[in-house]
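Note sheet for the following structure.
The values are calculated or read from the model by the stated rules, or taken from the named source; none is laboratory data. Computed from a predicted structure; not experimentally measured. Using ideal geometry, Cβ is built from the backbone for each residue, glycine included, and neighbour counts are taken over all protein chains shown.
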Amino acid sequence: MRTFLLTALLFCPCLALADDGGLDDGGIDDGGTPDAAISDDAGENTAPVARIAVTGSRGVCEAPCAELETDVNANVALSAAASSDPEGGSLSYIWELVSRPADSVAELMGEGAAEALFTPDREGIFDLALLVIDDGGNVTRSQVRVNAAIIPFQLLMKVLVDGTEVTCTPICTVDAVRIASDVEIDASGSTHDPTHGELKFSWVLTVPPGSSATLRVIPNTSDQRVNLQPDVDGPYEIRVRMEDSRRDETRSVGFNIPHALWWKPFECGCTTSNAGGPQGALAMLLAAWVLRRISRRSR
């Protein structure tokens with residue numbers, strides 16, 4: 001009886017693998033579409049459809065996915081959920097790590113499930129294959145490529161003045177920052193390899209004489225965002241240092257508020273509709289004096 005079963009498995013046409021669909025094919029199929037069915041009992045049972053979706057640190061590649069870029073040491077999730085059987089039968093799955101960089105020891109987890117996971121441990125190309133098997137023994141193969149790159153250690157900053165992003169490296173324009181403006185420095189776009197430990201930020205503010213301005217860390221931002229309000233004219237500089245267990249980088253951003261001139265309303269603290277303060281009063285007195293002189297000359 002056992003000999004009969006083995007003979008049936010070896011010679012049953014519905015289980016035989018076609019020569020052009022072998023498992024050692026390392027190529028990527030065009031556009032992420034599945035390879036031709038490895039086996040298909042024509043006229044009785046149609047081969048299943050194999051579709052792969054991939055999620056990595058840099059985004060999602062929907063099924064059918066051909067290639068995805070991700071970061072080294074970041075988990076990559078593979079899904080065969082978009083696969084289907086034309087007859088509506090049940091499916092089983094086999095995942096394979098076809099190729100990987102020479103010094104990689106990455107392995108697949110969940111090889112026999114609809115969802116699998118692996119972590120690229122080296123920079124380079126990882127080719128993965130999915131076999132979808134229906135309940136009639138027909139097999140369809142699809143393949144996807146994952147391109148893993150090292151996450152750069154990069155300190156990135158942007159500056160927002162009263163909620164509007166401005167170009168502020170190395171010096172902000174005079175019109176961008178004024179006394180009492182809300183100035184925010186945002187370094188949350190910085191990147192590093194998470195396997196190199198926690199990313200830390202430290203900030204230093206240099207202010208002009210007479211200023212009592214201070215940096216305030218914005219809550220729930222992991223020290224990556226700070227803001228301040230300049231209170232006197234003069235130069236301001238903010239320096240930030242970013243570090244992990246292996247590297248550090250320091251950058252600075254500055255702006256200068258020139259001496260307030262009374263004939264510029266936004267610098268003297270008054271407006272054209274509501275002058276205030278000693279400079280505003282002086283302007284009003286001067287305007288009254290000019291009008292009086294004009295009136296006398298016209299007589």
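Picking from residues in region 110-138 that are over 25 Å from the mean Cα position of the chain (by Cα) and over 15 Å from ILE52 (Cα atoms), the one that is surrounded by the most Cβ atoms within 10 Å (Cβ to Cβ) is ASP134.
How many residues does region 214-225 hold that are farther than 14 Å from LYS158 by Cα, within 19 Å of the chain's Cα centre (by Cα) and either among the acidic types (Asp, Glu) or surrounded by 14 or more Cβ atoms within 10 Å (Cβ to Cβ) (or both)? Qualifying residue count, region 214-225: 1. The criterion of at least 3 residues that are touching a residue at least 12 places away in the same chain (Cβ under 8 Å), among the aliphatic types (A, V, I, L, M) and closer than 30 Å to GLY189 by Cα is met by the following strands (runs of 3 or more DSSP E) wholly inside region 49-125: 76-79.
Of all residues in region 226-252, which are touching a Pro at 6+ places or on another chain (Cβ under 7 Å) and closer than 16 Å to MET157 by Cβ? The answer is TYR236, and nothing else.
With respect to (1) assigned to a strand (DSSP E or B); (2) buried (at least 17 other Cβ atoms within 10 Å of the Cβ); (3) modelled with pLDDT under 95; (4) touching an Asp or Glu at 6+ places or on another chain (Cβ under 9 Å), the lone exception for ASN256 is condition (2).
Selection of region 160-176 for residues being touching a Cys at 6+ places or on another chain (Cβ under 8 Å) and either assigned to a loop (DSSP other than H, G, I, E, B) or modelled with pLDDT of 90 or more (or both) yields VAL161, ALA176.
Residue pairs whose Cβ atoms lie under 8 Å apart, sitting 6 or more positions apart in sequence or on different chains, and linking a residue in region 210-230 that is under 26 Å from ASP244 (Cβ atoms) to a partner that is part of a loop (DSSP other than H, G, I, E, B) and among the acidic types (Asp, Glu), are VAL217/ASP223; ASN227/ASP182. When ALA50, ALA77 are checked against the criterion of being among the small types (Gly, Ala, Ser) and within 22 Å of ILE150 (Cβ to Cβ), ALA77 stands alone in meeting it. Residues of region 139-155 that are among the hydrophobic types (A, V, I, L, M, F, W, C) and at pLDDT below 90: ALA149, ILE150, ILE151, PHE153.
Among the residues examined, ILE125 does not qualify as on the phi < 0 side of the Ramachandran plot and not assigned by TED's automatic domain parsing to the domain that holds SER92.
Listed here are the residues, each with its yes/no results for (1) within 14 Å of ARG239 (Cα to Cα); (2) loosely packed, with under 14 Cβ neighbours inside 10 Å.
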| position | (1), (2) |
| --- | --- |
| GLU165 | no, yes |
| ILE179 | no, no |
| ALA187 | yes, no |
| GLY197 | no, yes |
| VAL204 | yes, yes |
| SER212 | no, yes |
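Note on region 119-144: residues that are closer than 20 Å to GLU62 by Cα, touching a Lys or Arg at 6+ places or on another chain (Cβ under 9 Å) and not β-branched (Val, Ile, Thr) total 8.
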